[in-house]
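Structure first, then comments.
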Amino acid sequence: MSGLVLLIIFMIAAPVLAHRVPVPMPSSDGPSAQARKLIEVSMVDGQTQYRLDDEPIALSALGAEFSAWAAMGHAQPTVQLLAAEDVRFEDIASVLASGRRAGVRQIGLAP
């Protein structure tokens, strides 16, 4: 009897386990080395400071950069966000949200 119960459970579970999730893979028709951009967020004298590739930038100007990168389509640069330990989470979230609103696909946290 228990064998029949197990058989029925596996008959129900097998189609669920076979479900495939589409994963976008990089195409080989673009340049081999994708551009990388580093955004640094730090606190200086209680004020949040943003830097893009070692150049100071305002959060509003960073939004414009995100929009320009999103317009590049598949050639978007890979964006890494590096935050100091004393930075508030809200400041990091505002950078991530700005990139998301602009349509930047690849934003990661740098180690």
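The values are calculated or read from the model by the stated rules, or taken from the named source; none is laboratory data. This one's a predicted model, so the numbers in the text were calculated from it and none came from an experiment. Methodologically, a virtual Cβ is constructed for each residue, glycine included, from the backbone with ideal geometry; neighbour enumeration extends over all protein chains shown.
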Matching entry among Gln80, Gln49, Gln34 (being modelled with pLDDT of 80 or more and either outside any strand (DSSP E or B) or more than 15 Å from the chain's Cα centre (by Cα) (or both)): Gln49
Restricting the search to the range 73-111, which residues are more than 22 Å from Met25 (Cα to Cα) and of a type in the set (S, T, N, Q)? Ser94, Ser98
Could you identify the single residue in Val41, Val95, Val104 that is β-branched (Val, Ile, Thr), assigned to a loop (DSSP other than H, G, I, E, B) and either surrounded by 10 or more Cβ atoms within 10 Å (Cβ to Cβ) or modelled with pLDDT under 85 (or both)? Val104
The lone condition Glu90 fails out of (1) modelled with pLDDT under 90; (2) surrounded by fewer than 16 Cβ atoms within 10 Å (Cβ to Cβ) is (1)
One residue from Gln76, Gln80 being in contact with a Leu (Cβ under 8 Å, 6 or more places away or on another chain) and of a type in the set (S, T, N, Q): Gln80
Which residue out of Met11, Met72 is of a type in the set (A, V, I, L, M), at pLDDT below 85 and over 22 Å from the mean Cα position of the chain (by Cα)? Met11
